[in-house]
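The values are calculated or read from the model by the stated rules, or taken from the named source; none is laboratory data. All figures in this text were calculated on a predicted structure; none of them were measured in a lab. Cβ atoms come from the backbone with ideal geometry, glycine included; neighbour counts cover every protein chain shown. Only protein heavy atoms, including side chains, enter the accessible area calculation; ligands, DNA and RNA are left aside. Shrake-Rupley method; radii C 1.70, N 1.55, O 1.52, S 1.80 Å.
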Amino acid sequence: MSIKTWIYNRLESIARALQESYYKAAIHSNEPVYRRGLQERDSYLAASESVSKLEKIFKKISNESYPSEWDENHITYQLMKELRKLYSDDEKVDFNGFSKLVNWRSFKNRGKLETKYGDIAIIVNIQFSSGETLRGIATIEAKKKYGPIAGIEVDFAALDKKQLSRIKENSPYSHLLLYSYSQEILPLKYPDKSEWPSYFWVSPINTVQPMLNEINRLNTNSKHIYRISFPFSMLIISRIFWGHDLDYRVEVYDDIVNGINKIINPDYLAVVDVFYQGQTSSATTIPEFWEEI
């Protein structure tokens with residue numbers, strides 16, 4: 001079963017449950033409530049399309065990269081390119097009863113990389129219908145899952161505690177992005193006991209650090225990082241696009257936009273605008289050493 005089919009079937013079952021609930025309301029002569037239930041059902045199914053587009057991208061990148069091009073820089077380049085392609089024409093993202101437009105531009109750092117504090121920085125500009133605007137930065141460090149070496153599973157053996165500490169000190173809201181060459185099926189934990197299949201998972205670095213300490217103390221497998229992870233598609237659509245998990249320090253935003261690059265200095269940069277129909281994107285300008293992907 002494909003990822004898209006699985007997601008669609010899962011959300012359709014939720015929608016059917018909603019429809020049945022509101023159908024009972026209709027039986028008891030509450031027609032407006034019934035109609036609202038049908039609208040909620042349609043919203044769930046529309047949202048599944050936005051999620052499945054991302055999951056299909058992650059699957060495509062993993063399947064085409066492993067094993068010959070299973071390199072973090074290559075994977076990240078492909079990810080940034082695909083996200084730019086998906087959201088380059090003000091892509092509509094559907095939520096429960098409404099939608100927003102997303103414009104995503106991706107860039108590669110052509111300047112001098114000294115000490116970097118994350119592989120990806122995302123400039124996020126969010127406009128709300130009531131007039132408020134949020135501007136922040138999301139920072140992400142990416143690590144690949146290693147294939148077996150001499151028959152021994154090594155998974156995320158390249159995780160470096162000192163590097164993660166350095167990133168967290170500079171960017172306390174950073175996330176660790178885990179690239180897997182095989183599909184991982186993990187429990188969502190919320191809102192029910194259902195499982196989710198994906199190739200890309202993510203966790204806040206300030207959660208990864210103590211978990212990694214425990215893994216080292218008990219000499220268990222580094223793949224246990226998955227136990228504190230959630231789907232990367234969730235981070236994008238339900239968190240970053242709504243202003244969650246961003247660094248709102250003005251000096252960090254200005255450091256990236258003005259090309260100072262002393263705080264984060266990433267390999268890759270995205271400029272993401274989230275807005276409603278009738279509004280316009282921020283047209284944020286960045287220095288010339290950022291090469292558009």
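Structural remarks
- Counting only residues that are over 13 Å from VAL124 (Cα atoms), among the charged types (D, E, K, R) and part of a strand (DSSP E or B), segment 240-293 holds 2 of them.
- Residues that are open to solvent by 20 Å² or more (accessible area, probe 1.4 Å) and over 25 Å from LYS59 (Cβ atoms), drawn from segment 206-226: ASN206, THR207, GLN209, PRO210, MET211, ASN213, GLU214, ASN216, ARG217, LEU218, ASN219, THR220
- Residues in segment 245-289 that are aromatic (Phe, Trp, Tyr), over 22 Å from the mean Cα position of the chain (by Cα) and open to solvent by less than 30 Å² (accessible area, probe 1.4 Å): none.
- Condition check for SER229: surrounded by 13 or more Cβ atoms within 10 Å (Cβ to Cβ), under 26 Å from LYS92 (Cα atoms) and not β-branched (Val, Ile, Thr): no
- Within segment 220-244, being within 18 Å of TYR199 (Cβ to Cβ), under 15 Å from the mean Cα position of the chain (by Cα) and among the small types (Gly, Ala, Ser) holds for SER229, SER233.
- Test: residue in segment 96-105 that is touching a Leu at 6+ places or on another chain (Cβ under 7 Å) and touching a residue at least 24 places away in the same chain (Cβ under 8 Å): yes
- Condition check for GLU184: touching a residue at least 40 places away in the same chain (Cβ under 8 Å), acidic (Asp, Glu) and at negative phi: yes
- Note on segment 78-118: residues that are more than 30 Å from GLN279 (Cα to Cα) and either in contact with a strand residue (DSSP E or B) (Cβ under 8 Å, 6 or more places away or on another chain) or open to solvent by less than 50 Å² (accessible area, probe 1.4 Å) (or both) amount to 4.
- Here is the figure for segment 147-205: residues that are assigned to a strand (DSSP E or B) and surrounded by 16 or more Cβ atoms within 10 Å (Cβ to Cβ) total 18.
- At least 1 residues being modelled with pLDDT under 95 is the threshold, and among the strands (runs of 3 or more DSSP E) wholly inside segment 78-143 those reaching it are 91-94, 99-109.
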